[in-house]
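The values are calculated or read from the model by the stated rules, or taken from the named source; none is laboratory data. As the structure is a computational prediction, the values presented were derived from the model and not from experiment. Counting neighbours? That spans all protein chains shown, and the Cβs are built from the backbone with ideal geometry, glycine included. Just the protein is used for accessible areas: all its heavy atoms, side chains included, with ligands, DNA and RNA removed. Shrake-Rupley method; radii C 1.70, N 1.55, O 1.52, S 1.80 Å.
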Amino acid sequence: MTSRIEQAYDTLVLHNPKLVLVAMLLILAFFGYHTKDFKLDASADTLLLEDDADLTEFRKIHERYPTSDLLIVTYTPEKDLFSDQALEPLKQLRGELRKIASVDMVLTILDAPLFNSSDADIQEMINDMPSLEKPGIDRARARDELINSPIYRDLIVSADGRTAAIVLGLAENEEFNRLLKTRNELREKKRNTGLSAEETLTLEDISTQYDQVSETINQQRHRDIAHIRDIIEPYRQYGVLYLGGLPMITDDMVTFVRNDLTVFGAGVLAFLIIILTAIFRKLRWIGLPLISCFYAGLTMIGVLGLIGWKVTVISSNFLALMLIITISMNIHLIVRYLQLQRDNPDDDQFTLVRTTIHKMVKPCFYTALTTIIGFGSLVVSDIKPVIDFGWMMSAGLSVTFVTSFLLFPTLLLMMGKTEATATVDNDRFRAPEYLARLTEFQGNKILLLAGLLTVVSVAGISMLRVENSFINYFSQYTEIYQGLKLIDEKLGGTTPLEVVISFQDDFEELTPEDLAAMTPEEIEEELEYMEALRTKPELWFTPTKVNLIKQAHDYLDGLPEIGKVLSFASSVRVAESFADKELDGMELALLYSKLPDTVKKALIEPYISIENNEIRLEARVLDSQPDLRRKDLLDKVRRDLEKENGFKQLSAYKNTIKDVNVSGLLVLYNNMLQSLFASQIKSIGVVMLGIGLMFLILFRSVTLSIIGILPNLLGAVVVLGVMGWSNIPMDMMSITIAAITIGIAVDNGIHYIYRFREEYALTNSYEETLHICHSNIGKAVFYTTMTIIFGFSILMLSNFIPTIYFGVLTGAAMFIALLAALTVLPKLILLWKPFG
């Protein structure tokens, strides 16, 4: 079977290099055309879990309490915030921001309704709501009201009165909301019960429309954010200004991903040219691998564009990794070709290329397969961008393998044979020979050291944690970090936590016996009254409900991890402060009916739903607290508020409460963090199982499988241990380190063992074979691994901190695995003598 495949390959590829090259150029042109459809994605969906039940509930809540996307401009003037010198620039800035077509709401301290800063009565206030910029307002009283207001403090002004926020509400796209709702409903139905053929087509059509509308919105958002930054820039002379908010973070992350792709690609390319020049010092051995890299990279970008696969911040390093692995495979081919040329100087070019390919295809195929298994193991994760990264790299490695065994031999045949030169000179590079002597004479000490490292690392792994602040994902020099930090410390926190409390109905449904005992007129009156209880504010606002809301609000406000809390209680307390008494249900209903629609929409409707007989509290968590434990916080809130524990903190109202639901971005983000451990375990389990099977198929020996896997596992274990001992938290990228390291590093073991078996058949001496292998395949392994390590180091140029950690830690793991492959692995071979 193998010989027939080799004959077919020789006939189709090696005997027709020009035809193969033309075909490959046509394929490149096809996929190159589709690179125009290559897209990036940094939306909030890229940080979510697949099939998260809390996400479904979160979306349902926001259908009942729709809120527009918000941008926040923080303003810390050099002068006193309430002085003319600070307020006049604020007024001008607000005016310019209002002119932006996509901004449909601007809220600042200048236009916030004030109740205690004027001597007007309530009716006058309702007709002409006082604000800081209105004539006759006492600024001292206004300042005191704003910084002490249950609504405005930590929302639009800091508690110290030095920083103000300009809150910009962005206009909603109704078509986008409709498409999103329909798409999510169909996806949920697909997961739960399946879709009909017609519904499947509808989902595909809706998804296409959604992507198109989303792309249009993202482009408009990018232009708006750039415009806002241009508007803000001249006002920096008056103080410190930052732009924040989820739309800005999303837009900046797309920019980061785009920059990372460019920087990683260019950086890796420059580095590879240097490495290839240092190793081979000959133009053809520099050009051939670079052509393979260009071909594989451009083809893969075209594949992603063709199938609409978007690159996220997690997968932004896919191009750099593809280039690194392509170069690695090409170096193995070059080193083997040069060795064959040196050993068989009389062979013609066709024979040399054919022998190189035939000898290398099997180990390269298995090394590519094990690396694919390493990346492919990521698809068992529950985190969408990690899953996409796994599939993306698996596809990319397939492209790399095919390119290396079609393009490389084709071009090499067309270039012809040159005189053999000592391109890879034994005298220039002796590290592998040194490691061979070290292994032969100090092997037992090496095994002891490896054992000690494993024990210490396992202890470190037991201390791994997943708590990670979103703020710390970004460099402190970026506007994202600076803006989030200021909002977190001065304006009440960043990550939202929502609590929705639904009430028992204030009536009992009519039973069949009740209906039988009543006249039609009585039934109609009873139904009208029941409907009034559901919908009329004067009947819905009861002292019991208001007091319950206040107690729930105060409970959240009392938690040290919580910054700003907003609820209906915030507005009630402002009104009660003005009236200097507690308001009863009728007074609250009257005030509710008299409020202007703009005030009602901003301060009331986001927190009560009379129609659904429920209320919503929104708290913001101080995400930058170093000792914040999100899971513990959520567990405490659920224990204290939810039904399972009898509404512990609201027990006085347990007969009024129907249910309590804890939701918000904090819940979704925490779910993602808590899934990291499970994702790590599953991915390592899958990669170990897959690679174990590959070794058994390739070498048909359990002993060799163990010898091949153990040393390569060491690198991943040590790096995870270092993370634990150093208190480096796990994140979406670091959970991929172990599986990727094992998947790539095990290639060294395959090449080494495969070559050791070949050479041992000729020498029948383990010690002699050890030195022979270190002097040839050992050099190739060293070159390729160091190339991979330095390639990963390019990731340190990212603005995304998890990418930097990923590059550094994966490089470190690869270096440890390299040393293990050239010391621990051969020592185990010498010790166990698996070849007889």
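Considering Cα pairs under 8 angstrom that are at least six residues apart, work out the relative contact order of the chain and quote it in whole percent. Walk me through the numbers on the way to the answer.
On the way: 1219 pairs, mean separation 157.2, N = 836.
After rounding, I find 19 percent.
If Ile5, Ile804, Ile657 are ordered by their accessible area, calculated over protein heavy atoms with a 1.4 Å probe, which sequence runs from highest to lowest? Intermediate results must be reported in sequence, preceding the final value.
Numbers: Ile5 100, Ile804 40, Ile657 0 Å².
From most accessible down to least: Ile5, Ile804, Ile657.
Leaving ligands, DNA and RNA out of it, work out the accessible area of Ile709 with a 1.4 Å probe and give it in Å² to the nearest 10.
Rounded to the nearest 10, the figure is 20 Å².
In debye to the nearest 20, how big a dipole does the stretch 203-335 give about its Cα centre with +1 on each Lys and Arg Cβ and -1 on each Asp and Glu Cβ?
On the way: 9 positive and 10 negative charges, 161 e Å.
Here the size comes out at about 780 debye.
Stick to Cα atoms and the Kirkwood definition of Rh, then tell me Rg/Rh for the stretch 745-836. Working shown, then result.
Working: Rg = 15.9 Å, Rh = 14.2 Å.
That ratio is 1.12, to two decimals.
For Ile697, tell me the accessible area in Å² from a 1.4 Å probe, rounded to the nearest 10.
90
So how long is each side of the stretch 199-347 along the principal axes, counting just the alpha-carbon atoms, biggest first, in Å?
For the stretch 199-347, the Cα spread along each principal axis is 75, 55, 19 Å.
Can you give the direction-averaged projected area of the convex hull of the alpha-carbon atoms in the stretch 166-282, in nm²?
Working: hull surface 56.5 nm².
So the mean shadow area of the Cα hull is 14.1 nm².
Using alpha carbon coordinates only, what is the Rg to Rh ratio of the chain, with Rh defined as the Kirkwood radius? Intermediate results must be reported in sequence, preceding the final value.
Working: Rg = 33.1 Å, Rh = 30.9 Å.
Expressed as Rg/Rh, it is 1.07.
Which percent of the accessible heavy-atom area of the stretch 206-315 goes to carbon and sulfur, probe 1.4 angstrom?
On the way: 2930 of 4500 Å².
Of all accessible area on the stretch 206-315, carbon and sulfur atoms account for 65 percent.
For the stretch 147-175 and the stretch 695-738, what is the separation of their C-alpha centers, rounded to whole Å?
So the separation of the two Cα centres works out to 48 Å.
Dipole of the chain (Lys/Arg Cβ +1, Asp/Glu Cβ -1, origin at the Cα centre): which of Thr299, Phe256, Thr216 lies farthest to the positive side?
Final value for the positive-end residue is Thr299.
With θ taken as phi - 60° and the coefficients 6.51, -1.76 and 1.60, list the Karplus ³J(HN,Hα) couplings across the stretch 682-696 in order, rounded to whole Hz; mark glycine and proline as x.
Going residue by residue, I get 5, 5, 5, x, 5, 5, 5, 5, x, 5, x, 5, 4, 5, 5 Hz, with x marking Gly and Pro.
Let me know the charge dipole size of the stretch 159-264 about its Cα centre in debye, to the nearest 20, where only the beta-carbon of Lys, Arg (+1) and Asp, Glu (-1) is charged. Display every interim value, and only then the final one.
Values: 13 positive and 18 negative charges, 60 e Å.
Using Cβ point charges on Lys, Arg, Asp and Glu, the stretch 159-264 gives about 280 debye.
Which values, in whole Å and largest first, are the semi-axes of the equivalent ellipsoid of the stretch 89-212 obtained as the square root of 5 times each eigenvalue of the Cα gyration tensor? Write out the running numbers ahead of the final one.
Values: eigenvalues 429, 51, 39 Å².
Semi-axis lengths for the stretch 89-212 are 46, 16, 14 Å.
Mind listing the phi-derived Karplus ³J(HN,Hα) values for the stretch 573-584, rounded to whole Hz, using 6.51, -1.76 and 1.60 with θ = phi - 60°, and x for any glycine or proline?
5, 5, 5, 5, 5, 5, 7, 6, 6, 6, 8, 8
At most 14 other Cβ atoms within 10 Å and a DSSP loop assignment: could you name the GluC sites (Glu not before Pro) in the stretch 596-687 that fit?
The qualifying sites are Glu611.
Provide the descending list of Cα extents for the stretch 365-473 along its principal axes, expressed in whole angstroms.
Sorted from largest, the Cα extents of the stretch 365-473 read 59, 44, 29 Å.
Gly664's amide H: which non-local residues (gap 5+, or another chain) put their own amide H closer than 5 Å, with H modeled 1.01 Å from N in plane and none for Pro or chain starts?
Sorted by chain and number, the residues that satisfy this are Glu498.
Using alpha carbons only, how many degrees (0 to 90, rounded to 10) separate the axis of helix 318-343 from the longest principal axis of the chain?
0
For the chain, what proportion of DSSP beta bridges, expressed in % and rounded to the nearest 5, is antiparallel?
95
With unit charges on the beta carbons (Lys and Arg positive, Asp and Glu negative) and the dipole taken about the Cα centre of the chain, which residue among Ile737, Gly95, Pro543 sits farthest to the positive side?
Ile737
Kirkwood hydrodynamic radius (Cα pairs, Å) of the stretch 639-769?
Values: mean 1/r = 0.0531 Å⁻¹.
Its Kirkwood hydrodynamic radius stands at 18.8 Å.
What percentages make up the Cα-Cα pair-distance distribution of the stretch 265-395 when the bins are 5 Å wide from 0?
All Cα pairs, binned at 5 Å, distribute as 2, 10, 16, 19, 18, 15, 10, 6, 3, 2, 0, 0 percent.
Using only alpha carbons, build the gyration tensor for the stretch 573-622 and give me the equivalent ellipsoid semi-axes, biggest first, whole Å. Mind showing how you got there, number by number?
On the way: eigenvalues 77, 47, 29 Å².
They are 20, 15, 12 Å, listed from largest to smallest.
What is the helix-to-structure angle for 84-98, meaning the angle in degrees between its Cα long axis and the longest Cα principal axis of the chain, kept from 0 to 90 and rounded to the nearest 10?
Tilt of helix 84-98: around 70 degrees.
What does the extension gain come out to for Gln219 and Asp554, with contour length at 0.36 nm per residue minus their alpha carbon separation?
Details: separation 335, 0.36 × 335 = 120.60 nm, distance 4.15 nm.
Here the answer is 116.4 nm.
Can you tell me the orientation of helix 737-763 relative to the chain, as the angle in degrees between its alpha-carbon axis and the longest Cα principal axis, to the nearest 10?
Tilt of helix 737-763: around 10 degrees.
Rolling a 1.4 Å sphere over the protein heavy atoms, what is the accessible area per residue of the stretch 64-206, to the nearest Å²? Walk me through the numbers before you get to the answer.
Values: 7190 Å² over 143 residues.
Value for the stretch 64-206: 50 Å² per residue.
So if I take the centroid of the Cα atoms in the stretch 185-235 and the same for the stretch 243-263, what is the distance between those two points in Å?
Spelled out, the Cα-based centre of one part sits 17 Å from the other.
Any idea what diffusion coefficient the stretch 592-693 gets from Stokes-Einstein, in µm²/s, Kirkwood Rh on alpha carbon pairs, 10 °C, 1.306 mPa s? Don't skip to the answer; put the middle values down first.
Details: Rh = 17.5 Å.
Translational D for this selection: 91 µm²/s.
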